[in-house]
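Undergrad: This is the structure I have questions about; it appears just below.
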Amino acid sequence: MAESNAIAAFGTVLEVGDGGSPEVFTGIAEVHDVNGPGISLDMIERTHQLSPDATKEYIAGLKDLDNITFEIGFVPTDPTHSLTTGFLADWKNRVMRTYHLVFPDSGNTTWELKGYVSGFSIKGPTQGLLTADVTIKLTGGLVEV
């Protein structure tokens, strides 16, 4: 039986760019679980009267990266979280940012994504950590850098 080549997710890093030229990336503080990006491909029906075996036919349409979502240990004064410089400032000012999703493989594979903060929900349980769920609506393509 062959050994698995799977890697542990621990050590996955999400970075945000500063918008400069050249762009400088900073690791987002206190990232917990990362979900996404979700990817999809619109399908365009092209069925016609003589489609084989009376079966629907499709061609590929537009690609969509959907969202990347993640939970953070919310630190209101952290520069990547705050209302003046972080996610909340980007949401408030409708700023599109470039993000890097860095995987913990041997080569630190990095995907570059662009998007807007489209969701930010704070959770403050009586017994537990102050956290927030962050949603970035992605726009454009996916590039490996």
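The values are calculated or read from the model by the stated rules, or taken from the named source; none is laboratory data. Here the structure is a predicted model, which means the values were calculated and not measured. Glycine gets a Cβ as well: all are built from the backbone with ideal geometry, and neighbour counts include every protein chain shown.
Yes/no per residue for (1) of a type in the set (A, V, I, L, M); (2) closer than 23 Å to Ala9 by Cβ:
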residue	(1), (2)
Ile44	yes, no
Leu50	yes, no
Asp66	no, yes
Thr85	no, no
Lys92	no, no
Met96	yes, no
Ile122	yes, no
Gly141	no, no
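Undergrad: A follow-up question, please. Which residues, taken from segment 24-37, are surrounded by 13 or more Cβ atoms within 10 Å (Cβ to Cβ), at pLDDT 95 or above and not in a strand (DSSP E or B)?
TA: Once the filter is applied, which keeps residues that are surrounded by 13 or more Cβ atoms within 10 Å (Cβ to Cβ), at pLDDT 95 or above and not in a strand (DSSP E or B), segment 24-37 yields Ile28, Ala29, Glu30.
Yes/no per residue for (1) crowded, with 17+ Cβ neighbours inside 10 Å; (2) among the aromatic types (Phe, Trp, Tyr); (3) modelled with pLDDT under 95; (4) under 20 Å from Phe74 (Cβ atoms):
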{"position": "Val95", "(1), (2), (3), (4)": "no, no, no, yes"}
{"position": "Tyr99", "(1), (2), (3), (4)": "yes, yes, no, yes"}
{"position": "Asp105", "(1), (2), (3), (4)": "no, no, yes, no"}
{"position": "Leu130", "(1), (2), (3), (4)": "no, no, no, yes"}
{"position": "Thr135", "(1), (2), (3), (4)": "yes, no, no, yes"}
{"position": "Val145", "(1), (2), (3), (4)": "no, no, yes, no"}
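Undergrad: Could you list, in sequence order, all residues of segment 38-73 that are within 19 Å of Ser121 (Cβ to Cβ) and either in a loop (DSSP other than H, G, I, E, B) or charged (D, E, K, R) (or both)?
TA: Gly38, Asp66, Glu71
Undergrad: Within segment 111-145, can you find the residues that are under 12 Å from the mean Cα position of the chain (by Cα) and β-branched (Val, Ile, Thr)?
TA: Val117, Val134, Thr135, Ile136, Thr139 - these are the residues of segment 111-145 that are under 12 Å from the mean Cα position of the chain (by Cα) and β-branched (Val, Ile, Thr).
Undergrad: Here is a further query. Has segment 95-115 got at least one residue that is closer than 18 Å to Glu23 by Cβ, hydroxyl-bearing (Ser, Thr, Tyr) and outside any strand (DSSP E or B)?
TA: For segment 95-115, residues closer than 18 Å to Glu23 by Cβ, hydroxyl-bearing (Ser, Thr, Tyr) and outside any strand (DSSP E or B): absent.
Undergrad: While we're here: Which of the residues belonging to segment 8-23 are among the aliphatic types (A, V, I, L, M) and either surrounded by 13 or more Cβ atoms within 10 Å (Cβ to Cβ) or within 17 Å of Met96 (Cβ to Cβ) (or both)?
TA: Residues satisfying the conditions are Val13, Leu14, Val16.
Undergrad: State the number of residues belonging to segment 54-111 that are in contact with a Leu (Cβ under 6 Å, 6 or more places away or on another chain) and of a type in the set (D, E, K, R).
TA: 1
Undergrad: Let me ask you something else. Could you list, in sequence order, all residues of segment 59-79 that are loosely packed, with under 12 Cβ neighbours inside 10 Å and touching a Lys or Arg at 6+ places or on another chain (Cβ under 7 Å)?
TA: Across segment 59-79, the qualifying residue is only Ile59.
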